[in-house]
Amino acid sequence: MATALQCVTHKFCAGDLERVFAGCFARSHRTRLLGGAEEPLYQPAADSGDWNLLYYRQDFFASALHEISHWCIAGSERRRQVDFGYWYNPDGRNPEQQRAFEQVEVFPQALEYFFARACDYPFRVSVDNLDSPENCSKAFRDSIYQRSITLKSQGLPARGEQFYRALALSYGGPEEYRGLQLSADEFER
């Protein structure tokens, strides 16, 4: 399926995220981040001695950040289920399916925003529905922005905070996310 990626020469190499993730969670959670997949997938370990595998699309930096966000939010029960027990409808979702997608994506995308800021990587709201880009409602973008404000004031989930700090150290981003200035414009892209 997928393998660990090697970086070429650009600043935002997903293989670097694999190393940062491993430094944070390989021992404590027996979880590996791997790129090169056709589609993102979380595969829990079959046995206690095996590795949990978190796959992201191809070598896409943003895909890796997004999948890590889902992992950092998932509780222990969800981390025992394939793809955290979520459903997935591919491109071409109708408006009702898109709204259901948006409901479960607000929190992970808000957390992904902080990870992107720690790396000085441009954050983009993802509708994950390329066949219907107009489905990205202002309400969805506003919800992600509002959840980001809440996370900033109340704190990131424990694994999210650990990963944020490791990213900031690795990429030279702001060490303290609570001091970040958030702007609704950042969520309009």
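The values are calculated or read from the model by the stated rules, or taken from the named source; none is laboratory data. Note that the structure is a prediction, hence the values are computed from the model and not measured. Neighbour counts run over all protein chains shown; Cβ positions are idealised from the backbone, glycine included.
Of the residues contained in the stretch 14-37, one or more are found to be in a strand (DSSP E or B) and within 21 Å of LEU156 (Cβ to Cβ). Each residue in the stretch 149-180 was checked for being among the small types (Gly, Ala, Ser), within 19 Å of ALA74 (Cβ to Cβ) and in a helix (DSSP H, G or I), and 3 of them qualify. Looking only at the stretch 89-108, decide whether some residue is modelled with pLDDT under 90 and of a type in the set (Lys, Arg). Looking through the stretch 89-108, at least one residue is modelled with pLDDT under 90 and of a type in the set (Lys, Arg).
Here's the yes/no breakdown for (1) surrounded by 15 or more Cβ atoms within 10 Å (Cβ to Cβ); (2) closer than 16 Å to PHE115 by Cα; (3) hydroxyl-bearing (Ser, Thr, Tyr); (4) outside the structural domain of TYR113 (by TED's automatic domain parsing):
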position	(1), (2), (3), (4)
VAL20	yes, yes, no, yes
SER28	no, no, yes, yes
GLY35	yes, no, no, yes
PRO40	yes, no, no, yes
GLN43	yes, no, no, yes
LEU53	yes, no, no, yes
TYR56	yes, yes, yes, yes
LEU65	yes, yes, no, yes
HIS70	yes, yes, no, yes
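Looking across the stretch 92-108, the residues that are among the aliphatic types (A, V, I, L, M) and in contact (Cβ under 8 Å) with a residue 12 or more places away in the chain come down to VAL104, VAL106. Looking at this structure, is GLU105 assigned by TED's automatic domain parsing to the domain that holds ALA118 and surrounded by 19 or more Cβ atoms within 10 Å (Cβ to Cβ)? Against the criterion (assigned by TED's automatic domain parsing to the domain that holds ALA118 and surrounded by 19 or more Cβ atoms within 10 Å (Cβ to Cβ)), GLU105 qualifies. Selection of the stretch 150-177 for residues being touching a residue at least 24 places away in the same chain (Cβ under 8 Å) and surrounded by fewer than 11 Cβ atoms within 10 Å (Cβ to Cβ) yields only SER153.
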